[in-house]
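The values are calculated or read from the model by the stated rules, or taken from the named source; none is laboratory data. Quick caveat, the model's predicted, so the values are computed rather than measured. Glycine also receives a Cβ, built like all others from the backbone with ideal geometry; neighbour counts cover every protein chain displayed. Please note that ligands, DNA and RNA were not included when accessible areas were found on the heavy atoms of the full protein model with its side chains. Shrake-Rupley method; radii C 1.70, N 1.55, O 1.52, S 1.80 Å.
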Amino acid sequence: MEFLRTIAEQKLPYVVHTPAEIDKLRVLRAADLVTAFIPPSERNPQGRAIRQLAQVESITAKGMLALNKATSAFIEL
C-alpha cells in the first residue's frame with residue numbers, strides 16, 4: 001500500500017526505474033490496483049538482467065478504493 005500511495009502522489013504516467021519498484025508494481029498490477037506497462041525481463045549474453053523501465057498508466061477504481069480504506073483505517077488509529 002505504501003508504494004501505491006507513492007504512485008498516487010505522482011503525476012501520471014509515472015515511470016518506475018529500480019528493479020525493486022518494478023517488482024512492487026508487478027504486485028500492484030496483478031492485484032488490479034493499477035494499470036501499467038511492464039516490459040518482459042531481458043538478460044544480456046552474460047546472463048545479467050538488463051535495466052528496464054516500467055510505466056504506471058493509472059490507478060484503477062479498485063486501487064483508489066484500497067487507498068481510501070487504508071487511509072481511513074490509519075486515521076481511526
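Ala70 fulfils the conditions (1) in a helix (DSSP H, G or I); (2) at pLDDT below 95; (3) touching a strand residue (DSSP E or B) at 6+ places or on another chain (Cβ under 8 Å) except for a single criterion, (3). Against the definition (touching a helix residue (DSSP H, G or I) at 6+ places or on another chain (Cβ under 9 Å), at pLDDT below 85 and open to solvent by 90 Å² or more (accessible area, probe 1.4 Å)), how does Arg43 come out, yes or no? Here the answer is no, as Arg43 does not meet what is asked.
Of all residues in the stretch 1-12, those satisfying the criterion of being in contact with a strand residue (DSSP E or B) (Cβ under 7 Å, 6 or more places away or on another chain) and open to solvent by 40 Å² or more (accessible area, probe 1.4 Å) are Ala8, Leu12.
Could you check the stretch 13-38 and list, in sequence order, the residues that are part of a loop (DSSP other than H, G, I, E, B), more than 13 Å from Gly63 (Cβ to Cβ) and open to solvent by 50 Å² or more (accessible area, probe 1.4 Å)?
Pro13, His17, Thr18 - these are the residues of the stretch 13-38 that are part of a loop (DSSP other than H, G, I, E, B), more than 13 Å from Gly63 (Cβ to Cβ) and open to solvent by 50 Å² or more (accessible area, probe 1.4 Å).
Take the conditions part of a loop (DSSP other than H, G, I, E, B), at pLDDT 95 or above and over 11 Å from the mean Cα position of the chain (by Cα) and apply them to Gln10. Does it pass? So Gln10 fits the description; yes.
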